[in-house]
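Here's the structure we're looking at; comments come further down.
The values are calculated or read from the model by the stated rules, or taken from the named source; none is laboratory data. Computed from a predicted model, the values in this text were never measured in an experiment. Quick reminder, even Gly has a Cβ in these numbers, built from the backbone with ideal geometry, and neighbours come from all protein chains shown. Heads up: the accessible areas ignore ligands, DNA and RNA and are worked out on the full protein's heavy atoms, side chains in. Shrake-Rupley method; radii C 1.70, N 1.55, O 1.52, S 1.80 Å.
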Amino acid sequence: SLSLSLPTLSFALLSFRQVTQTKTLSSMATATTEEASSKRARIEEEAATPASVASPAAAASPLPAHVVGEGRDSDAGSTDGAGASKDELASGTDSPKKKPRVRKNVGFAAVAETKTFAKEEEAAPSPVAVDPAEDAAKLELLLSKLPPLLAVDSKLPKTLKILSKALEASLTKETLPLFMPSLEAVFHGTEERLHIDATRTQFLELGQLLEAKHDCFPPPQQYTLRTWILSALAHNQLVTDDTYRFAKGAKQLREALIQLDQTCGPRSVDLPDDLDPNKPTAEMISARKSVLLAALETALVFYQHQWAKPTIDTLIKEATDRLHYFKEAQHARLVEISRAHKARKSQLFKGEKLVSTFKNWSS
């Protein structure tokens, strides 16, 4: 019976321990609940109490109570460490609790940046009126240095960029005489240097700027300006695989070829040169013809492309129809261009015919 009672006793002890632990946990939960309830009641009581109690000094002062109650601004003059005035402590009146001041931790970098900004603000010069005469002198000095540099092929790309920026910013009817020596140095050189890959982008930009600023040139110089645009812009637009760009350049060349009827045809002798100041001189017309011939030679290089052939055929036809306008060396040059065009056309035609014959035979 003793052996049977031991397990029973062990089970009874285990049950008693579990019951004791359960009671302990219940009492702890009850205490926690009571403590939370008392804390909630205290918070509600504090919320129902007025935020601040005015002191006697506050009743007699027109200022707000929280201003009078502060030790620094109150009539009492001095405060203790908690911020209450000595009069309030003597009278036993409870002063409102002040929120502790929070000092912002401003880093050294922020302070240094603020000081630096203040110094820069103090050191910033006041705006000074720009002197137009001074700007004109600087522009004249700059443009006087460009013509010798434009004559050197190795310095041409960089100098063209400087010239284009000056044109875009400062070219007007008044400043045009300052730019003319540089422009003449660019376009009165050899034709080859205007159409090489190293400077093609710069000349395209220069041609577009001249086209946009054409109003700055007087009527007697408009013909020369158009010749420069044809050389810098229209000619270089032909060197591309973009059909739209090629057609745009070819259109300007075709219009210039048709315009030869007005400058070289029978109507060109209606008025003497001295009675028509806007009429181009023989030298100006010869320079225009040289530009057109050079552009035709460049266009003929692209005759191998199917999309370029119709446009080039039209240009060559417009030129050969006006062959009698070209004299001596220019006449011989145009004849050579026409022969090369016919040879290219014949070679391509024979090649296409051989290819079609081979296809028919193989099929």
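Structure above, values below:
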item	result
Residues of segment 182-193 satisfying the condition of being within 19 Å of residue 221 (Cβ to Cβ), surrounded by 14 or more Cβ atoms within 10 Å (Cβ to Cβ) and not aromatic (Phe, Trp, Tyr)	182, 183, 184, 185, 186, 189
Where a residue in segment 205-221 is over 11 Å from residue 183 (Cβ atoms) and of a type in the set (Asp, Glu) and its partner, wherever it lies, is surrounded by fewer than 20 Cβ atoms within 10 Å (Cβ to Cβ) and at pLDDT below 95, with Cβ under 6 Å and at least six apart	205/164
Which listed residue is of a type outside the set (D, E, K, R), under 25 Å from the mean Cα position of the chain (by Cα) and surrounded by fewer than 16 Cβ atoms within 10 Å (Cβ to Cβ), from 157, 219	157
Cross-chain or 6+ apart pairs with Cβ under 8 Å, segment 237-252 first and farther than 17 Å from residue 203 by Cβ, then open to solvent by 70 Å² or more (accessible area, probe 1.4 Å) and part of a loop (DSSP other than H, G, I, E, B)	243/307
Restricting segment 145-167 to residues that are in contact (Cβ under 8 Å) with a residue 12 or more places away in the chain and of a type in the set (S, T, N, Q), the residue that is nearest to residue 196 (Cα to Cα)	159
